[in-house]
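Everything below concerns the one structure shown next.
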Amino acid sequence: MPAARFSRPRSAALLAVLGALLLLLIAAPAAFADAFTPEDGSGSRNAEGIHTLFVIAMVIGGAIFALVEGVLIVSLIRFRQRRGGPPPAQIRGNTPLEIGWTIGAATIVLVLAVITFAYLGDIKDPERSAAGAAKGDAGVQLAALNQSAVPGGKALNIDVNGQQYLWRYDYPGKDQVFSYYDMYVPVGTTVTLKITASDVVHSWWIPKLGGKADAVPGHTNETWFRVNKAGTYTGECAELCGEGHADMRARVIALPPDQFKAWMARQAADIKDSQAKLSLARQIRGEGSP
Amino acid sequence: MATTEAAARARTAVTNGGPPEIVVRGVPERTTGWTSWLTTTDHKRIGILYLYTTFLFFILGGVEALLMRLQLAQPNNTLLEPKTYNELVTMHGTTMVFLFVVPVLAGFANYMLPLMIGARDMAFPRLNALSYWIFLGGGMVFYASLFFTPPSAGWTSYAPLSDNAFLPNNGIDAWILLIHLTGISSLLGAINFTATIHNMRAKGMGWGRMPIFVWTVLVYSYLLILALPAVAAAVTMLLTDRHFGTAFFDNTGGGDPMLWQHLFWFFGHPEVYIMILPVFGMISEILPVFARKPIFGYKAIVASSAGITFLSMLVWAHHMFATPTATVVLAFFMLSSFAIAIPTGIKIFNWLATLWRGAIVFKTPLFFAAGFLSMFVIGGISGVVLAIFPVDWYFNDTYFVVAHIHYVLFGGSVFGIFAGLYYWFPKMSGRMLSEGLGKISFWLMFAGFNLTFLIQHSLGLEGMPRRIYRYPDYSNWPEFNLISTIGSFILGIGVLVTVVNVLMSARAGKRAGNDPWQANTLEWFAQSPPPENNFDIVPRVRSVEPMKDIRRDVARASQSSETVAQPATTGAT
């Protein structure tokens, strides 16, 4: 018995250290804002859906975590060997208990699956463009592998192409409009992306605009977003693509509809102008027109 | 029957003056010196070769990780070139998977498995030696690339980045050869383990009396045999793509980069379970010994291991949720990945129930085993979160995934491996590891590990992709990365303490005796370290805890003052 009494304060101190450590580990990231949830703030429904689904999963996961760690810590403290303590119970198993936690675990993942499918539509399927949004041109709607058509048909489709180490965006319309690095989009309009790559595998990702989509050569991947708040959203390539992988960054710049239209027109004119100059330069050098 | 027959034969051998056949006592090591290590076919020596070699690779892989953490300690750091960083990413991942975790488990299995089932050696001792030397060859070929150009496409070597068009150097070729050599080594080892377990168990050791570690080595072996051919095919196709003009993974030639990902992960996900199943086995051996209680739910743990083995072949595409793949396929792989959480959960609950109402002895192996339990559950939970494919669209290829794999592979596998090391070292060396250093090592590793990797979940949540050599001064990335780097060095020091402990205790540790832990399985019946023939007499196995039976018999016999009933191999004789 004296031995048991002696070891009690020691294990209590140990527990206190352990608890302090755990608190510190939790408090450290909590001191910074938003370290427990995915990035959001664009108002895009897919990003919000991912956010909600993650929080639900974490609540369920947190409960399981607390249960397991709780039982573990209680066992380690309460059932440590001590002189005069109770002898270890020679139990080899318990069938009802085994069946119980099998069914319990199965129920939890089943519930999680049902919740996932309930939110899947919000995340995967493009939402309708906001009333009064810029009139985008969805172009020809091909039978998509994954993505359903945009309700109302009003959407802006941008072709995204990943290349070592930059992103190129091609906009719809009769004039050729493209840009690199910065993607300009109108606020409130659903933007659908057709994503591919022309060399190695890249991955398109702007965290605040939802999930990522791998850009695989020879394949077209799809995703979408609808920015509701004007601003600049940053991201970077998420699949190791070579030495410049870390510098393959991207920005989505959401503009009010009229400013977006003005940008489109200016970009089209700039491109036409520089193509004309290039063609002239080639003629002067005697290379013929391209 | 073996016991009586052997004893009878021993008697006749002695009386006839003929050469002893099975019963040989105190056989001197026939060969000594360093050449004996090159020619040995003794499973114990091969096991020790495996353990030393793999821990060396573990330290190399750890140094690579620390270099990466140094580079990431502050934003826009210029310590490492991008090319060097990518090489370190590749070397670290490849080393830890192919040159540490998988072969170190083969090392433990090599040493312990024949002892645990009461066998003289493995079924094919020479094949066993071949298996080790091929593994060493693989490691040397891979590290030789340091003198040329190390590979830099990540341990997954995604095509087409790994194709000649983008990385036209020898690094990827060295990587391919490493996969082939370690693959052949593992395959030969797996065949050997399977044959040994099926055929060489002691009398009375039916399937229901086999130690759980042996069960998990059995399913680990089956899984290796099923999964390795896929990656062998894939790297061969990559080799011909690189040098012989084929276009398996080149879409401009009619191939498909997605094919690489499917083939690689068809191997790659079972590989994850290959790296954890034998550790599950170790934990299932260690917990009951230190809780002084039988394992709770033997059948449930064995059945869930078999269930995990089966399901692990059906979940590979959860690594590919962001690729252009039909939603119905993603949904299937989400559900199959969820399903694997059920047998894993069953194991965790059974381990907790094993501790419950025990009389827990706080020795270092128990610290690491409990550390395993507490950390692995975090990796399991984040794994379920990542299996929700719409959520994975966000987390795929971020630091959240880096945190997840390290909670599974470090918090899980490595803590388990350290538990196994502290548990079995007395058997392998005849000496105890220092408890004090062991506990210091544990607490440093536990604190350092959590400091390094817990915060990486938050980095992933804040959108930091993995495998980037530098990052801008954005959000909390600098602070979080600095915390992670500090943690990684504490972790490194913790590992170093165990290395020092092993080197010191191997020479000057306390003598262990045959059964220092009052353990349950047959390896503790042999001397420490076991003689070349392992056992003079193999007792008939009457339960899943043969050593407990033997101790009970000895206690009963000594009570009735029949000292001759002592088993011949226990004690210092």
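Observations
- For beta carbons closer than 7 Å, sequence separation of 6+ or different chains, a first residue in segment B:117-137 that is of a type in the set (Asp, Glu) and a second that is in a helix (DSSP H, G or I), the qualifying pairs are B:ASP121/B:HIS43; B:ASP121/B:PRO114.
- Of the criteria (1) touching an Asp or Glu at 6+ places or on another chain (Cβ under 7 Å); (2) surrounded by fewer than 24 Cβ atoms within 10 Å (Cβ to Cβ), which one B:TYR143 fails: (1)
- When restricted to residues that are facing chain B (nearest Cβ under 9 Å) and either hydrophobic (A, V, I, L, M, F, W, C) or within 22 Å of B:THR354 (Cβ to Cβ) (or both), segment A:101-120 contains 13.
- Test: B:ALA506 is among the aliphatic types (A, V, I, L, M), touching a residue at least 12 places away in the same chain (Cβ under 8 Å) and under 30 Å from B:SER543 (Cα atoms): no
- Number of the exception - B:ALA227 against (1) crowded, with 22+ Cβ neighbours inside 10 Å; (2) farther than 25 Å from B:SER152 by Cα: (2)
- Qualifying residue in segment B:449-458 (condition: assigned to a loop (DSSP other than H, G, I, E, B), within 11 Å of chain A (Cβ to nearest Cβ) and buried (at least 22 other Cβ atoms within 10 Å of the Cβ)): no
- Within segment A:179-223, the set of residues being within 29 Å of B:GLY255 (Cα to Cα), charged (D, E, K, R) and surrounded by fewer than 22 Cβ atoms within 10 Å (Cβ to Cβ) comprises A:LYS194, A:ASP199, A:GLU222.
- Per the listing A:GLU239, A:GLU222, the residue uniquely part of a strand (DSSP E or B), of a type in the set (Asp, Glu) and in contact (Cβ under 8 Å) with a residue 24 or more places away in the chain is A:GLU222.
- The test for being surrounded by fewer than 23 Cβ atoms within 10 Å (Cβ to Cβ) and either aromatic (Phe, Trp, Tyr) or within 12 Å of another protein chain (Cβ to nearest Cβ) (or both) holds for B:PRO478.
- B:ALA326 being more than 29 Å from B:GLY371 (Cα to Cα) and in contact with a Ser or Thr (Cβ under 7 Å, 6 or more places away or on another chain): no
- Only listed residue being out of contact with any helix residue (DSSP H, G or I) (no Cβ under 9 Å at 6 or more places or on another chain), over 30 Å from B:TYR474 (Cα atoms) and small (Gly, Ala, Ser), chosen from B:GLY33, B:GLY47: B:GLY33
- When B:ARG467 is tested against the conditions (1) on the phi > 0 side of the Ramachandran plot; (2) in contact with a strand residue (DSSP E or B) (Cβ under 9 Å, 6 or more places away or on another chain), the lone failure is (2).
- Residue in segment B:155-172 that is in a helix (DSSP H, G or I) and in contact (Cβ under 8 Å) with a residue 40 or more places away in the chain present: yes
- Unmet criterion (only one of (1) under 27 Å from B:MET96 (Cα atoms); (2) surrounded by fewer than 18 Cβ atoms within 10 Å (Cβ to Cβ)) for B:ALA195: (1)
- Under the condition of being within 9 Å of chain A (Cβ to nearest Cβ) and under 15 Å from B:VAL414 (Cβ atoms), the residues counted in segment B:256-297 number 0.
- From the options B:ILE493, B:ILE468, residue that is within 8 Å of another protein chain (Cβ to nearest Cβ) and β-branched (Val, Ile, Thr): B:ILE468
- Single residue of segment A:70-96 satisfying the filter (over 16 Å from B:VAL361 (Cα atoms) and more than 7 Å from chain B (Cβ to nearest Cβ)) that is nearest to the chain's Cα centre (by Cα): A:GLY70
- The listed residues are B:THR149, B:THR182, B:THR216, B:THR194, and the only one of them that is among the polar types (S, T, N, Q) and either modelled with pLDDT under 95 or not assigned by TED's automatic domain parsing to the domain that holds B:PRO103 (or both) turns out to be B:THR149.
- If you check B:ILE405, B:ILE381, B:ILE342, B:ILE346 for being facing chain A (nearest Cβ under 9 Å), at pLDDT 95 or above, touching a Gly at 6+ places or on another chain (Cβ under 9 Å) and within 26 Å of B:LEU491 (Cα to Cα), only one passes: B:ILE381.
- Filtered residue count, segment A:190-215, keeping only those that are in contact with a Ser or Thr (Cβ under 6 Å, 6 or more places away or on another chain), hydrophobic (A, V, I, L, M, F, W, C) and within 8 Å of another protein chain (Cβ to nearest Cβ): 1
- Matching option when the condition is surrounded by fewer than 18 Cβ atoms within 10 Å (Cβ to Cβ) and of a type outside the set (A, V, I, L, M, F, W, C), among B:HIS243, B:HIS269: B:HIS243
- Scan segment A:36-69 for residues that are crowded, with 18+ Cβ neighbours inside 10 Å, among the charged types (D, E, K, R) and facing chain B (nearest Cβ under 7 Å) and the total you get is 1.
The values are calculated or read from the model by the stated rules, or taken from the named source; none is laboratory data. Remember, it's a predicted structure, so these values are computed and weren't measured experimentally. Glycine also receives a Cβ, built like all others from the backbone with ideal geometry; neighbour counts cover every protein chain displayed.
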